[in-house]
2 protein chains.
Amino acid sequence: MKSDTEAKNRPYRLPTIEDVARLAGVSTATVSRSLNTPDRVREETRNAVEVAVKALGYTPNFGGQVLASRRTNTIGAIIPTMGNAIFATALQALQETLALRKVTLLVATSQYAPEQEQVQLRTMLARGVDGIALIGTERSAEAYDILTARQVPFALLWSIPDELPYLTIGFDNTRAAAEVARRVLEFGHRRIGVISGMTDGNDRATARLRGITSTLEAAGVVLGPEDVIRCHYTLEDGEAAARRLLSGADRPTALICGNDVLAAGAMRGARHLGLNIPADLSVTGFDDIDLATAVSPALTTVRVPHKRMGASAGERLLEWIDSGHQPQSLSYSAEFVFRDSLAPPSSG
Amino acid sequence: MKSDTEAKNRPYRLPTIEDVARLAGVSTATVSRSLNTPDRVREETRNAVEVAVKALGYTPNFGGQVLASRRTNTIGAIIPTMGNAIFATALQALQETLALRKVTLLVATSQYAPEQEQVQLRTMLARGVDGIALIGTERSAEAYDILTARQVPFALLWSIPDELPYLTIGFDNTRAAAEVARRVLEFGHRRIGVISGMTDGNDRATARLRGITSTLEAAGVVLGPEDVIRCHYTLEDGEAAARRLLSGADRPTALICGNDVLAAGAMRGARHLGLNIPADLSVTGFDDIDLATAVSPALTTVRVPHKRMGASAGERLLEWIDSGHQPQSLSYSAEFVFRDSLAPPSSG
DNA sequence: TTGCAACATGTAAGCGCTTACACAGGCGTT
DNA sequence: AACGCCTGTGTAAGCGCTTACATGTTGCAA
């Protein structure tokens, strides 16, 4: 009975290192060394092992490897969503970097929900990842506790240190957003609406909003609560927010948006209201994803170094894992990108 | 010396199942059962174990678990790129489905390159994934050999069986593309350009192109080699292709594109040439990603059941893994979505 | 020739978990 | 009262690999 069942699932048992050793006429230790540290083995022996490996179609068993070496060669990443190309692409850059080093990427999404993130975090740690990449710095102390208790190397992307002792690889969201606001002001706008992402639990959104409001206020443009909308990051949310902001009597002449998706949504909303961009309304985004140049007029936005952050995260994490020492944090700059969606307000 | 080094890396050794067993006053087998099959353990015992687990902060060691159970609870997915939201979102749906069952997702991208895919495939198998999701059906016999030799459950997404005995979860690309062509013809277009993705190694692109050309030909519209451009799937490629197709003397009045990204690129190209859409030129896409409604006019396209494919892939793979039997393939329908980018040609 | 590195390989002890099997005790049936 | 069965738990044998240590070889200096 039992052998029957077994036969159904695994007609032949996969070759083990022992099979290879036997066929090559060496010990399992030598096979292991041949595969992992080839330079510690005589060429002749190495060849014999290689032949045996090929003949049997041997691949090391992952579980055995992990158990014995205490390494999974796996890194985890938890991002808010794959729906936004900015994260998806950063992830791809990370994965490509890791692939060069034979490390694989475990991914999960949090949907911008801290509890979700924590669940995923736990799962990843249980999977024994050697390192973890997370977006942003704002999360529960508990989450950080889990991380540090396990002594797992981790990198925080997208933000720069808030005096945190952790490895961060990011850019100054506040400053970048402030520059957008400054440019909008420079074009002469005074009635300005802001479409921000949800700020709770999201330090990037918070930082950007802070950059915007403080810059505007410094210029004497004070935003009322009805001038700022916080919403989720979808086209529909952006559109709805724009419609609301534009429905009042004293309509804004410019909409500063928390990211390109919201901005594209806002543009769609404005269009539906019969407004012309940028003649009747200027719109700015943030991220500079492809979408920014796919819409018309193209979006004024901020170019976020997403691929570089993804790639660097991979490099630094691997460095940390190998050396046992936390590497230096990294701060990139985000570049303002001027395009046609921003223009002076029509004299009205 | 040795203990020094150890101390540096791991001040406290992580608790093992044995520590838990000792503290709870039971055997390791009972701890294991408490955790994996709680209903086989008396409540009282289970509680004792739970208390011990909490007290020690115990998490099962992944390597040990894998080695003993011959299961990694990990599923791999190899997609062409994360850059296109259609795949990123499908992946997210897959991941969410798996998360419900405590299974994690390993991801990799192939950049539409079969060799790349095969490398990634090997890596994933070496990681001992319990199942694999791949896009499309066209790949080397060798790739299929690897898969079947290892007897790893795998699902092919996005296409429907080409008489393949494998688990496929897809839709009829040919038919969907044919419908697009039919609609374009219905609107009266006769001068038609096609911007297709690269067709080699890409059965979806091939199928779509076939659907388009055969439908057009059946209506007496014969495409010359200069009317069809095959390019990569970026906005820029779409734009460049459109410029080329639109630069000739007898300009097409409609452009049928292999996906929404190409279509958005084509729209941008047309705009730069001073053409008005849809008055001067109709454009159609494929996928119905957010981008399709972010551009103006909104794209006529085909709604691809990407989330459902992702989710179903997860379910069927898990089913296969658990039961040991390959589940039935699944065929979804792809719905034509009419929007403003398609209109009759201007009488010129 | 001898002694001693340096190198190549083998031996065997785990790594932490799951699970087949054995066993004890309680229950219902005959 | 004897029997068999079910339930709950323990015992212990692996799962396949890495690696510290031991052993055997070789080459070279003394």
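The values are calculated or read from the model by the stated rules, or taken from the named source; none is laboratory data. Please read all numbers here as calculations on a predicted model, not as lab measurements. Cβ atoms come from the backbone with ideal geometry, glycine included; neighbour counts cover every protein chain shown. Areas reflect the complete protein model, heavy atoms only, side chains present, ligands, DNA and RNA absent. Shrake-Rupley method; radii C 1.70, N 1.55, O 1.52, S 1.80 Å.
Taking segment A:82-101, which residues are outside any helix (DSSP H, G or I), open to solvent by 20 Å² or more (accessible area, probe 1.4 Å) and more than 7 Å from chain B (Cβ to nearest Cβ)?
Residue satisfying the conditions is A:ARG101 alone.
Collect the residues in segment A:169-211 that are among the polar types (S, T, N, Q) and assigned to a helix (DSSP H, G or I), keeping them in residue-number order.
Result: A:ASN173, A:THR174, A:THR206.
Go through segment B:177-209 residue by residue and tally those that are within 19 Å of B:LEU157 (Cα to Cα), of a type outside the set (Val, Ile, Thr) and in contact (Cβ under 8 Å) with a residue 12 or more places away in the chain.
So the count comes out to 11.
Give segment A:148-181 a look and list any residue that's closer than 14 Å to A:GLY211 by Cβ and of a type in the set (Asp, Glu), or say none.
Hits for segment A:148-181 are A:ASP172, A:GLU179.
Could you tell me whether segment B:39-58 includes any residue that is free of Cβ contacts under 8 Å to residues at least 40 places away in the same chain and within 7 Å of DNA strand C (Cβ to nearest atom)?
Checking segment B:39-58: not a single residue is free of Cβ contacts under 8 Å to residues at least 40 places away in the same chain and within 7 Å of DNA strand C (Cβ to nearest atom).
Quickly run through segment B:230-253 and pick out the residues that are assigned to a helix (DSSP H, G or I), at pLDDT 95 or above and more than 18 Å from B:LEU299 (Cα to Cα).
Selection gives B:ALA240, B:ARG243, B:ARG244, B:LEU245, B:LEU246.
Please pick out the residue among A:PRO278, A:PRO225 that is open to solvent by 20 Å² or more (accessible area, probe 1.4 Å) and either touching a residue at least 40 places away in the same chain (Cβ under 8 Å) or touching a helix residue (DSSP H, G or I) at 6+ places or on another chain (Cβ under 7 Å) (or both).
So the residue among A:PRO278, A:PRO225 that is open to solvent by 20 Å² or more (accessible area, probe 1.4 Å) and either touching a residue at least 40 places away in the same chain (Cβ under 8 Å) or touching a helix residue (DSSP H, G or I) at 6+ places or on another chain (Cβ under 7 Å) (or both) is A:PRO278.
Is it fair to say B:THR74 is more than 12 Å from DNA strand C (Cβ to nearest atom), more than 30 Å from B:ALA292 (Cβ to Cβ) and within 39 Å of the chain's Cα centre (by Cα)?
So B:THR74 passes the test.
Suppose we filter segment B:29-49 for residues that are more than 7 Å from DNA strand D (Cβ to nearest atom), within 15 Å of B:ASP19 (Cα to Cα) and either of a type in the set (Gly, Ala, Ser) or within 14 Å of chain A (Cβ to nearest Cβ) (or both); how many remain?
Total satisfying the criteria: 4.
Give segment A:61-73 a look and list any residue that's more than 7 Å from chain B (Cβ to nearest Cβ) and either open to solvent by less than 60 Å² (accessible area, probe 1.4 Å) or free of Cβ contacts under 8 Å to residues at least 12 places away in the same chain (or both), or say none.
A:GLN65, A:ALA68, A:SER69, A:ARG70, A:ASN73
Residues to consider are A:THR30, A:THR37; find the one that is surrounded by fewer than 22 Cβ atoms within 10 Å (Cβ to Cβ), out of contact with any Pro (no Cβ under 8 Å at 6 or more places or on another chain) and modelled with pLDDT of 95 or more.
When all the criteria are applied, what remains is A:THR30.
Quick grid of which residues meet (1) under 20 Å from the mean Cα position of the chain (by Cα); (2) more than 30 Å from A:SER312 (Cα to Cα); (3) surrounded by fewer than 19 Cβ atoms within 10 Å (Cβ to Cβ):
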position	(1), (2), (3)
A:SER159	yes, no, no
A:ILE169	yes, no, no
A:THR174	yes, no, no
A:ALA178	no, no, no
A:GLY188	no, yes, yes
A:ILE192	no, yes, no
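Has segment B:199-211 got at least one residue that is farther than 30 Å from B:MET82 by Cβ and in the same structural domain as B:LEU281 (by TED's automatic domain parsing)?
Among the residues of segment B:199-211, not one is farther than 30 Å from B:MET82 by Cβ and in the same structural domain as B:LEU281 (by TED's automatic domain parsing), which makes the answer no.
This table checks each residue for (1) open to solvent by less than 50 Å² (accessible area, probe 1.4 Å); (2) in contact with an Asp or Glu (Cβ under 7 Å, 6 or more places away or on another chain).
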residue: B:ALA249; (1), (2): no, no
residue: B:ARG271; (1), (2): no, no
residue: B:LEU291; (1), (2): yes, yes
residue: B:SER296; (1), (2): yes, no
residue: B:VAL302; (1), (2): yes, yes
residue: B:PRO327; (1), (2): yes, yes
residue: B:GLU335; (1), (2): no, no
residue: B:ASP340; (1), (2): no, no
residue: B:PRO344; (1), (2): no, no
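Scan (1) within 11 Å of chain B (Cβ to nearest Cβ); (2) within 13 Å of the chain's Cα centre (by Cα); (3) not in a helix (DSSP H, G or I) for the single condition A:ALA155 breaks and write down its number.
It is condition (1) that A:ALA155 fails.
Given A:THR37, A:THR59, A:THR45, A:THR104, which one is assigned by TED's automatic domain parsing to the domain that holds A:TRP158 and among the polar types (S, T, N, Q)?
Residue meeting the stated conditions: A:THR104.
Do we find that A:PRO153 is in contact (Cβ under 8 Å) with a residue 40 or more places away in the chain and surrounded by fewer than 15 Cβ atoms within 10 Å (Cβ to Cβ) in this structure?
no
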